[in-house]
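Contents: one structure, followed by commentary.
Laboratory data are not the source of any read-out in this text; all were calculated from the coordinates shown. Being a predicted model, the structure only gives us computed values, none of them experimental. As a convention, Cβ positions derive from the backbone with ideal geometry for all residues, glycine included, and neighbour counts pool all protein chains shown.
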Amino acid sequence: MVDMVPVSDELCLRRCLGNMHYTMRAKVLQYQIIAGGKMEVYKCPRFSRRDTVEQVRHHRETSFNSIPPRDMFSLNRIHIIGYQTQPVEVRQTPGGTSVTDLNLVVPYTFKSEKGEILKGKGFHTVTLWGAMADVAAQYVRPGSQLFVAGRLQTDSWEDEKSGEKRSKTKVVGMDMILLDPKDGQLPAPDGAPNVCNVVNSAEVIGNVTREPEMRTTTSGQQVLTIGVASNEKWKDRGSNEMKERTEFHNVVIWGDLAEEVSRVVKKGSRVYAKGRVQTRSWETQTGSKRTTTEIIADQVCLLGIASPEANDSVSSEGASAPVSQSAPASYSNNAEAAAVASVPEVSYTSDVKAEDLPF
C-alpha cells in the first residue's frame, strides 16, 4: 500500500489524486511516495509566495493531470475495484508523456430473477496517463488490488484488412488508489461473500438517442435497450482550442424496470442510468470476433420532471425552510429565554494571522 505524507508542517495547498497528496511549500511543489521502505520525491517548478491560487491550480492540472479541465454537460463516470492481471508496461508519447494500459479483472456475483446466484468475472482496460502511469509502473504488480475512477471512452477505427469499422470501449483513469497493505493481501474470510465483493459501477447522465427497443428472451424475460449520449467539452492545451466529444452508451434494462422505462422514456429524454459495465463477445457469420460494452442498469431516472413531493417543500417567497416538527404548545417564551441565557458565549477568534498565509 502506498502512503502519501506531506513534506513539512508548513501551511500548504494539497490536491488528492487517489491517495497521492501534492504539497506546496513556500517555493517548491513536490510530493513524496513511501512504499516498501523506499521514498521517492518528485519536484515541480518553483513558486513564490506571491503566486495566486489560480496559477498553482493551472500548474497542478497541466503537470499532473493528463485529462484537461472541461465543462461537463452530462455525466460519464465509472468506479472499479479489481485486480491487475499482468505486468505494467509504460509507453512514452512523442511529447514525453507516460501512458500505460492496465487490465483489471473484476469478479462479480448477482442474483437472477429466478433467484439463482450467478458468478462471473469481467475484464476492463484502464488507460492511465502522466504521473499515474509512472506510479502504476513502479508499484502495481500482477494480482494487485486497485480502485480506479474514470470515464468510459469508445475508440473507433477501420480494419486495414477487411475495411470494417471496429470499436473498443475502455476506461480512462482519472483517480487511482492502491489497496493492498504493505505486508501483502489478507486471506478472504469464510462465509462472508457480500463483504468480499468488489466494485463495478457506472453512472451516466445524457439524452436518449433512439426510441427504446423492447425484446423478449426465449425464457419470457423482457429486456430493453436504450442509447444514451454524454458530452464533454474541454480546452486543448496544445492548440488552446475548445473541443467536444460525445460518447454513446448502450444501456440494457431488465424486468419490471424495463417495462416502466419503455412506457415513459422516449427519444430525446434526459435520463440518469446506473449499473455495472459488461463486455460480451460473439462471432459474425464470417468468423470475425466482435465485442460490445454495455451498462446493465439497475436504476434509471427520468430527469427534468416535476416532483409533487418536492414541490410541497419548495417556496418562492424566500422564506425559511419548513420545520419538520413544531414546538409543543407548553413551550413558553420564558423557557426559551432561559435556555438561551444558559448557553455560554463562544468567541470565534482565529489563531491564523494574515502574515502567516503563503499567498
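Which of the three applies to the range 70-307, rounded, prolate or oblate, going by the alpha-carbon gyration tensor with a ≥ b ≥ c and a/c under 1.5 meaning rounded? Before the final figure, lay out the partial values.
Values: a/c = 1.56, a/b = 1.17, b/c = 1.33.
The shape class here is oblate.
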> Given H placed 1.01 Å from N in the peptide plane, which residues other than close sequence neighbours of Met174 have an amide H under 5 Å from its amide H?
Replying inline: Ala149, Gly150, Arg151
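For the range 192-277, what class follows from the C-alpha gyration tensor (a ≥ b ≥ c being the square roots of its eigenvalues): rounded when a/c is under 1.5, otherwise prolate if a/b is larger than b/c, else oblate? Working shown, then result.
Working: a/c = 3.21, a/b = 1.45, b/c = 2.22.
It comes out oblate by the Cα gyration axes.
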>> As a quick test, which of the pairs Lys233/Lys266; Lys233/Lys267; Lys165/Lys274; Lys119/Lys289; Lys111/Lys182; Lys182/Lys235 have an alpha carbon distance above 32 angstrom in this structure?
In response: Lys111/Lys182; Lys182/Lys235
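Run through the range 117-219 and list the GluC sites (Glu not before Pro) located in a DSSP loop whose Cβ has at most 13 other Cβ atoms within 10 Å.
Numbers: sites: Glu158, Glu160, Glu164, Glu203, Glu213; in loops: Glu160, Glu164.
Answer in residue order: Glu160, Glu164.
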> Non-local amide H neighbours of Ser269 (under 5 Å, H modeled in plane, Pro and chain starts lacking H): which ones?
Replying inline: Val208
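Filter the GluC sites (Glu not before Pro) in the range 224-259 down to the DSSP loop ones having no more than 12 other Cβ atoms within 10 Å, then list what survives. The partial results should precede the final answer.
Details: sites: Glu232, Glu241, Glu244, Glu247, Glu259; in loops: Glu241.
Of the GluC sites (Glu not before Pro), the ones in loops of the range 224-259 whose Cβ has at most 12 other Cβ atoms within 10 Å are Glu241.
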> Once phi is turned into θ = phi - 60°, what whole-Hz ³J(HN,Hα) does the Karplus curve with 6.51, -1.76 and 1.60 give for every residue of the range 208-220, x standing for Gly and Pro?
Replying inline: 6, 8, 8, 5, x, 10, 8, 10, 10, 6, 5, 8, x
> How would you classify the range 72-119 from its alpha-carbon gyration tensor, with a ≥ b ≥ c the square roots of the eigenvalues: rounded for a/c under 1.5, else prolate if a/b is greater than b/c, otherwise oblate?
Replying inline: oblate
> Tell me, what ³J(HN,Hα) does each residue in the range 86-91 have, in order and in whole Hz, if you take phi through Karplus 6.51 cos²θ - 1.76 cosθ + 1.60 with θ = phi - 60° and put x for Gly and Pro?
Replying inline: 8, x, 8, 10, 9, 10
>> Through the Karplus equation 6.51 cos²θ - 1.76 cosθ + 1.60, θ set to phi - 60°, convert the phi angles of the range 281-291 into ³J(HN,Hα) values in whole Hz; use x for Gly and Pro.
In response: 10, 7, 10, 7, 5, 8, x, 7, 8, 10, 10
> Percent antiparallel among DSSP beta bridges with both residues in the range 70-307, to the nearest 5?
Replying inline: 95 percent
>> If amide hydrogens are placed 1.01 Å from N in the peptide plane, which non-local residues have theirs closer than 5 Å to the one on Ser74?
In response: Asn231
